[in-house]
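Working notes, beginning with the structure itself.
FYI, it's all coordinate maths here, none of it is from the lab. These numbers come from a predicted model, not from an experiment. Note: ideal-geometry Cβ built from the backbone for every residue, glycine included; neighbour counts use all protein chains shown.
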Amino acid sequence: MKNWQILLLLGLNSLTVEPVLAHGVKIEYGQTAAIIIRATYDDGTPMVKGQAVVYAPDDPTTPWLKGMTDEKGQFTFIPDREISGNWDVKVRLSGHGSIISIPITEGVIAYEGKEEVARIELLSISRDLTPLQKIVMAAAGIWGFIGTALFFSRNSPSNQQSTNRH
């Protein structure tokens with residue numbers, strides 16, 4: 001098979017590949033006597049044993065509490081209700097994660113007009129791609145295939161020297 005046929009085959013094969021996206025993360029919270037955080041991947045799979053770090057509004061750079069999500073991707077904590085403001089909760093596992101900001105005003109979680117459970121979806125890594133981003137990614141992939149094909153099809157210096165001597 002000739003080099004251009006291999007390159008054509010690789011190019012056509014890349015058109016049938018499904019897009020691969022990294023996991024985004026969804027974090028939900030609800031109010032009971034405590035705040036319950038639920039972290040899941042985009043496909044709904046719970047983020048089991050994710051590192052959860054809570055930051056209080058009065059010191060957003062120092063962790064107020066550290067913990068781990070359970071087998072349902074849940075982490076529960078009771079904030080100091082005397083500290084009003086946005087309580088930030090970061091959940092991470094193996095490079096995937098996100099952060100959620102929970103507003104607490106005068107000891108009550110502000111749901112911004114929603115009932116019972118407020119759901120906030122944060123996609124830190126994966127989100128809908130614009131057409132321009134898709135074109136750039138496709139072009140980069142094709143360019144990579146071309147570069148690889150050219151690298152393997154080049155004559156090595158030892159082959160060039162032996163043909164020049166004859």
Pull out the extension gain between VAL48 and THR148, defined as 0.36 nm times the separation in residues minus the alpha carbon to alpha carbon distance; nm, one decimal.
32.1 nm
Which peptide among 55-63, 40-48 comes first, and what is the full order, when sorted by highest mean count of other Cβ atoms within 10 Å?
40-48, 55-63
